[in-house]
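The values are calculated or read from the model by the stated rules, or taken from the named source; none is laboratory data. As the structure is a prediction and not an experimental result, all values here were calculated from the model. As a convention, Cβ positions derive from the backbone with ideal geometry for all residues, glycine included, and neighbour counts pool all protein chains shown.
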Amino acid sequence: MAGGLLGRRQDWGIDPPPGQRVSAKDATKTTTYALGLALAPNGDVLSVNAADGQIIETTPSGAQVATMTLDSTGTPPGSGTLFGLAVIPDSMGVYFVDDGTNTLNILH
């Protein structure tokens, strides 16, 4: 999936109404067991998914615009490895914790 901050997109998002549900699991894009959340500079929400080792970018309106596998170890692949998440200042990347290797990693 291309686009979003993960795809180096430059639009800065919109403000959602308070308390609005903006994303839900569907057959092709999942956010199951989100154990790390961070707000991207463009206003999108980044989440790391403990169920499959993916990072997912969701716009304030609920569109999932980018996914990327950060860890594919374990059974099933990526299961239970991703936890913490933080955006590096000046949009230079994202820190994430890989519990499978006990490391702090950087996604550029």
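Side notes on the structure shown:
- Residue match in region 81-91 (condition: assigned to a loop (DSSP other than H, G, I, E, B), out of contact with any Lys or Arg (no Cβ under 8 Å at 6 or more places or on another chain) and not polar (S, T, N, Q)): no
- Among the residues of region 42-66, just one is under 20 Å from MET92 (Cβ atoms) and of a type in the set (Ser, Thr, Tyr), namely SER47.
- Checking ALA38 against (1) at pLDDT 85 or above; (2) surrounded by 20 or more Cβ atoms within 10 Å (Cβ to Cβ); (3) of a type in the set (Gly, Ala, Ser), the condition it does not meet: (2)
- Scan of region 89-108 for residues that are among the β-branched types (Val, Ile, Thr) and surrounded by 13 or more Cβ atoms within 10 Å (Cβ to Cβ), ordered by number: VAL94, VAL97
- Count of region 37-54 residues, restricted to those that are over 18 Å from THR75 (Cα atoms) and of a type in the set (A, V, I, L, M, F, W, C), is 6.
- Residue in region 46-59 that is in contact with a Gly (Cβ under 6 Å, 6 or more places away or on another chain), at pLDDT below 90, on the phi > 0 side of the Ramachandran plot and not hydrophobic (A, V, I, L, M, F, W, C) present: yes
- Residue list for region 55-75, restricted to those being part of a strand (DSSP E or B) and crowded, with 18+ Cβ neighbours inside 10 Å: ILE55, ILE56, GLU57, THR58, GLN64, VAL65, ALA66, THR67
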